[in-house]
1. Taking each residue of A:361-373 in turn, how many C-beta atoms of other protein chains fall within 10 Å of its C-beta, and what is the average?
2. Assigning unit charges at the beta carbon (Lys, Arg +1; Asp, Glu -1) and nothing else, what dipole magnitude in debye, to the nearest 20, does the range A:509-597 show about its Cα centre?
3. Place +1 on the Cβ of every Lys and Arg and -1 on the Cβ of every Asp and Glu in the range A:320-409, take the dipole about the Cα centre, and give the residue among A:332, A:371, A:358 whose Cα lies farthest towards its positive end.
4. Roughly to the nearest percent, how much of the accessible area of the range A:449-489 is carbon and sulfur, given a 1.4 Å probe?
5. Just how much of residue A:413 is accessible, in Å², when a 1.4 Å probe is used and the result is rounded to the nearest 10?
6. Using amide H atoms built in the peptide plane, which far-off residues or other-chain residues are under 5 Å from residue A:341 H to H?
7. Could you give me the ³J(HN,Hα) list for the range B:24-31, computed from phi with Karplus coefficients 6.51, -1.76, 1.60 and θ = phi - 60°, whole Hz, x at Gly and Pro?
8. Please arrange A:587, A:142 by accessible surface area, largest first, computed with a 1.4 Å probe and ligands excluded.
Amino acid sequence: MFDQDVKYLKFKTLINTYCPHCHNSFNVEKKEEKSIIFKAKYKGQEIDLKLSPYLDVFDVETSVPVKEGDELDDVLCPKCNKSIINKTVKCGECGSKVGEVLISALSKLMPFYICTKFGCEWHGLTKADERKLKLKIPRQDMPEQDQKLRVSNYQEVPYGYTGELALLEAGRCLQCKDPQCVKGCPVNIDIPNFIALIAEEKFDAAAKKIKERNVLPSICGRVCPQEDQCEKYCIVGKKDKPVAIGRLERFVADYERKMDLVKVPIINKETGKRIAVIGSGPAGLTVAADMRQRGYGVTIFEALHETGGVLTYGIPEFRLPKSIVQFEINYLKNMGCRIETNHVIGPLLTIEELLENFDSVFIGVGAGLPVFMNIEGENLGNVFSANEYLTRMNLMKAYKFPEYDTPMPHGNKVAVIGGGNVAMDCARSAKRAGSDEVTIIYRRSRHELPARGEEVHHAGEEGIIFKLLNNPVKYIGTDNNRIKAIECIKMELGEPDKSGRRRPIPIEGSNFTVECDLAIVAIGNGPNPILFNSTPNLKLNKWGYIEVNPETNETSIKNVYAGGDIVTGSATVILAMGAGRIAANAMHKKLSSMKKK
Amino acid sequence: MFQIVRKQEMAKGTIIRFDISAPKIAKKVKPGQFIILRVNETGERIPLTVADKDSFAGIITIIFQVVGKTTALMRSLNTGDMIKDVVGPLGKAAEIEKTGTVVMVGGGTGVAILHHVAKAYHEAGNYVIGIIGAQNMDMLILENEMNNICDELIITTDDGSYGEQGFVTGPLKTYLQERYDIKLVYAIGPIIMMKNICKLTKKFKIPTIVSLNPIMIDGTGMCGGCRVKIGNETKFACVDGPDFDGHKVDYDELENRNSIYLKDEKDSLLFSIR
Ligand SMILES: Cc1cc2nc3c(=O)[nH]c(=O)nc-3n(C[C@H](O)[C@H](O)[C@H](O)COP(=O)(O)OP(=O)(O)OC[C@H]3O[C@@H](n4cnc5c(N)ncnc54)[C@H](O)[C@@H]3O)c2cc1C
Ligand SMILES: Cc1cc2nc3c(=O)[nH]c(=O)nc-3n(C[C@H](O)[C@H](O)[C@H](O)COP(=O)(O)OP(=O)(O)OC[C@H]3O[C@@H](n4cnc5c(N)ncnc54)[C@H](O)[C@@H]3O)c2cc1C
Ligand code: SF4
Ligand code: FES
């Protein structure tokens, strides 16, 4: 009666198939619900019994001692020898006190009750039961590319959830009344609600729910540091691993895109006013989308030949496929945003000139200036900034050299300096480029690594070596001035500094060398002054970032707003987007209260 | 897309001039500034100096020497063809003042870059002495144009097929010895040429500006690939230059950094021929 297939029949199943060659998932197909029903008797009366939809999660023994046609009062639990009829539970439907049937006395987890008095079918969990149950579902991993295979290709590592996995993961959310996760989300996505929609299999509606607050969920689902945001505060995380909010976000956004459910929104009546957006990173894209939606004419100016900012030139294909970034940009184009690539604002057009043609200007130029340590040998051949290395690989597609013309930096032994996402991206790219040995040199310990947990985990799986608590002091060159080694000094951790991380202190005399023939410096970025040289009246702070009014993100120049990394210094995609939204709201408020010119 | 409105072969097909329609850039570009172009989707981004411009017609001129994959590809383009991306103006404009007598030295394709700057020095009212050099007579470019703007012009060829035989440093030395009113030397050409000129002018204590050509990608200060050592400081040539105080430049480092991809450049060219 409980055959082997039971596991697969209990859910309304989404079949998510992967192409064995390209790993693209396709052909999402719905199957009819099939619950296992069998007949039994209780006090002489025939009743239907159904299997719990939760059973397979817990791997419950399926040998429930009930056979077709059994009189249930007589059936005893083989373990505790008590009747499987639980008379103490109150029927959740009719409230009668006696006569509920609990068929999986074995697991004490059976959530499906039949009230034997009135025959009510009750998906019978008390809130406490449900909580207990949900807490038993383990956090679901995403299926991903084999560790060995993936280091020889540039395809994305995780495939993302299937519908089945998403349902299970969504089942873990406790639907808190006062959801902490939302407070941890920089743009306050209505997390419990979108997860509830997933649990109801309304994936499309779930995606639309997220998009009320976040216009780029397929990107954020992939790159947000969830463990420091929503998932950090998730209640489930107190006992077990938190609900995988990011993976669910990614799943519904991918679902919406793949099923062709993304629709260009209805644009408000044209206001006749025009907005210029400088930079096409996440901050700029958010402003463009928000303002276009409200009926403003939007033109985005981008210095590079490709749009997307760091999403395009920095974050590698295996972590964020460029087709997704381009999909989002096409969406903006379809909304009617104009995009002008190859426009370096500053030298080509000044902000002053833009203000002659536009009612408001938004500056979202990022923090694109690579920082070096200013130590000996930093200009040796084969010492790269992370920006250059990643720009070559991603923007210029050097990994496809010679099909693409830009050469790829070679190295058998690669050393990457730094411990953030940028460092992980460089290290994992170098591995894929065929390097034998890739080492990350970081001055603090594993605990302080600022990169996303998942990236550190993947880097470890891919064989990246971590030399922690070490700092370079000097690059050593060969006779023909190529790098051959890095002299490092060992560090120990002292008292926490302002950022709350423990300050690394060099240990005198502990110097040693790490051999390498390619070094990548990934220790951070600063503000690029190229735009400011032509705009002396734009107020900057002492580090060279733009000063804004935090309520409106307006700069010292009237009608000029700024947000993202160029205001905060290197931060995150979601913070850049949040800053863009604040600016868009303020712009709209100001412009809509002004009379037409 | 940017259209090539005129193509002209200058030195037996190894040096080529394009006039490109790029109205916004033409309006802004100043002598000494450059553009970066990418011919097609798979192309590399390469920097080329704007050798001249016509703001009214919206046209910029570039003059390039065919040295590798991209420049070879560009040679195959003709009038009317399109270049996918052109971005600029990049770099600092040359600082041009009326200083008196200046010597403008150019070698090889460097002359193309020199011309735009020399013209500006001429228009600012300086007494311009030009010294331009090439491997041989066929490789010499822009002789007439330079003649029009220079008060004196000396030509050298390595093989003596035209003008004086030898390198540009020969006549420069003579000038430095004979004239006491030289206020400035501006040099642009192969690294070794600039290095030797600076050795010379240092002896005579004549301020010298050189225009550097490290390998670049974005040209906006974002990648740091173009970094050069000037005195004790590291500078990004694309935003801090390309013009620098020639006496402070670390030429050996530049030479070294420019040679990182020699093998790849050869492979790339071979791949394109096949
Ligand atoms: C390698 C790498 C990995 C990262 N990984 C993550 C991650 O996993 N998760 C995460 O949340 N964050 C990550 N970040 C950080 C995140 O990408 C940035 O915080 C975010 O992109 C900042 O957005 P932005 O819009 O301010 O600027 P950017 O994304 O930097 O975009 C700025 C754009 O402006 C253009 N521009 C600059 N100057 C001009 C000008 N004068 N005229 C016209 N255009 C101009 C630039 O070319 C660029 O396209 C990573 C960053 C890097 C470099
Ligand atoms: C600011 C600046 C202005 C320049 N102006 C001119 C000009 O007006 N006319 C002209 O003929 N040349 C100019 N150059 C040099 C020109 O950019 C290179 O000759 C060109 O990139 C060669 O490309 P390729 O693919 O044909 O050759 P490749 O085979 O790729 O390389 C040949 C040589 O060119 C240099 N080079 C290669 N790639 C680059 C790159 N991305 N950036 C800079 N140099 C590179 C290297 O030293 C290399 O050894 C300029 C360079 C700079 C930096
Ligand atoms: S805190 Fe966790 S369990 Fe609670 S609503 Fe948010 S995701 Fe669900
Ligand atoms: S070319 Fe990238 S910083 Fe100069």
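1. Details: counts 0, 0, 0, 0, 2, 1, 1, 5, 7, 7, 1, 3, 0.
So the per-residue partner count for this stretch is 2.
2. Working: 9 positive and 6 negative charges, 201 e Å.
That gives a dipole near 960 debye.
3. Selected residue: A:332.
4. Working: 770 of 1610 Å².
After summing per-atom areas, the C and S share lands at 48 percent.
5. Here the accessible area works out near 70 Å².
6. Counting only residues 5 or more places away or on other chains, the set is A:302.
7. For the range B:24-31, the Karplus curve yields 5, 5, 4, 5, 9, 5, 10, x Hz.
8. On the way: A:587 0, A:142 20 Å².
Descending accessible area places them as A:142, A:587.
The values are calculated or read from the model by the stated rules, or taken from the named source; none is laboratory data. These numbers come from a predicted model, not from an experiment. Cβ coordinates were reconstructed from backbone atoms using ideal geometry, including for glycine residues, and neighbour counts include every protein chain displayed. Calculation scope for accessible area: heavy atoms of the full protein, side chains included, ligands and nucleic acids excluded. Shrake-Rupley method; radii C 1.70, N 1.55, O 1.52, S 1.80 Å.
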